[in-house]
1. If you place +1 on the Cβ of every Lys and Arg, -1 on the Cβ of every Asp and Glu, and leave all else neutral, what size is the dipole of the chain about its Cα centre, to the nearest 20 Debye?
2. Using a Förster distance of 45 angstrom, determine the FRET efficiency expected from the C-beta separation of residue 221 and residue 121, and round it to 0.05.
3. List the trypsin sites (Lys or Arg not before Pro) within region 1-106 that fall in a DSSP loop (any state other than H, G, I, E or B) and whose Cβ has at most 12 other Cβ atoms within 10 Å.
4. R0 = 51 Å: FRET efficiency of residue 143 with residue 60, Cβ-based, nearest 0.05?
5. Which percent, to the nearest 5, of DSSP beta bridges fully inside the chain are antiparallel?
6. Take the alpha-carbon positions of region 50-278, form their convex hull, and give its projected area averaged over all directions (one quarter of the hull surface) in nm².
7. Please give me, ordered by residue number, the trypsin sites (Lys or Arg not before Pro) of region 148-250 that lie in loop per DSSP and have at most 16 other Cβ atoms within 10 Å.
8. What whole-number distance in Å separates the alpha-carbon centres of region 317-368 and region 101-125?
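Since every read-out is calculated from the coordinates, none of them should be taken as a lab result. Please read these numbers as outputs of a predicted model, since none were measured by experiment. Here the Cβ positions follow ideal geometry from the backbone for every residue, glycine too, while neighbour counts run over all protein chains shown.
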Amino acid sequence: MSFDATLLANAAVSALRAYDPGHDLPTLRQRFGTALSELGSNENPLGPSPAAIVAASEAMAAMWRYPDPVGASLKRVLAERLGVGTGQLVLGNGSHELLMLLAQCFADAAHSVVYSQFGFAVFPIATAAAGAQGIAVPALPADHPDAAFGHDLDAMARAIRADTRLVYLANPNNPTGSSFSDVELEAFMARVPGHVIVVVDEAYHEYVDRPGLSTAMHLLDRYRNLVVTRTFSKAYALAGLRVGYLAADASIAAVLERLRESFNVNGIALAAAEAALGDEAHLRRVRDTNASDRAWLAGELTARGLRVFPSQTNFLLVDTGDDATALEARLFAAGVIVRPMMGYGLGQTVRISIGSRAELDHLLEHLK
């Protein structure tokens, strides 16, 4: 009799599909070489801080030793910068791991989880993996002046039920680029019952320049049911090392530590992340370059008749006016990789990362 392990998977895993990373980029790099424009993964074209590269190189000499299991040195630096205690911090193998871990620790088949219709893809995945019931709240309409396809916080507050255990928010949001203000978040938190944990993913926090939008970190002292997640993969350009963190009430952090994998952040990543935090000049350069190139690209795309949605990130969501499949295929053939949004139910749109000027020129050349 043939053996099929898929028949043995538990109910939660049986309902899941493996994460789709998109195109096989390692193979495409061999095919196109330096002519490949990678504009689909929201990476930082300026790369990491030189100090982070030096720190990572030096840390490699000790790769034969296990890393600090709690990342104490990185936590001390983060705690001082964020104004929180080290016991309020949890480190992760990217913020992705932490978002999954939150659902594993606080949700199950007896509870529901609320997230936005076009929220980050990990939110429903984490919910399903925990066997919890997902409540996807319809997003704001496409013609909303400030946050097209963004979070409808009023509707999300109304969607919270007696059995709701988690609410996932992303500010700014991937893949829409939309955001909501500090005032809007505070009003939302005031409506959330104290037994419901609200997670605000701030993966793109460093790129924000919208007036009235700072960070949910300011509300941690007031709302003990608030969690803020961040990553070093975007503005700090350490995507290949996989390191993220969250800040929360110490009791939440303590629960997560029960299930967090031992040595989940490697020693090279710990060293590079700490060094990256110390190079504020490089981060300013990243922020300024991204803001300038984001505005320039939005103007160029708009001039070509495409609708560009407002963004507070290092990417733009672009409405092609038709099924985006043909456009994505044409760009792919030319070695320009963008991310189609059919998986989110946004079949007319593509997400375009703010890459280098050479990559963006390559993109525009094939949009003529």
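1. Numbers: 30 positive and 39 negative charges, 63 e Å.
Dipole magnitude for the chain comes out near 300 debye.
2. On the way: r = 31 Å, r/R0 = 0.69.
The value I calculate is 0.90.
3. Numbers: sites: 17, 29, 31, 65, 75, 76, 81; in loops: 17, 65.
For trypsin sites (Lys or Arg not before Pro) across region 1-106 that sit outside H, G, I, E and B with at most 12 neighbouring Cβ atoms in 10 Å, the list reads 17, 65.
4. On the way: r = 52 Å, r/R0 = 1.01.
According to the calculation, E is roughly 0.50.
5. On the way: 18 of 37 bridges.
For the chain, the DSSP antiparallel bridge percentage is about 50.
6. Computed as one quarter of the Cα hull surface, the answer is 12.0 nm².
7. Numbers: sites: 158, 161, 165, 191, 222, 224, 230, 234, 242; in loops: 161, 222, 224, 234, 242.
Answer in residue order: 161, 222, 224.
8. Taking the Cα centre of each part, region 317-368 and region 101-125 sit 29 Å apart.
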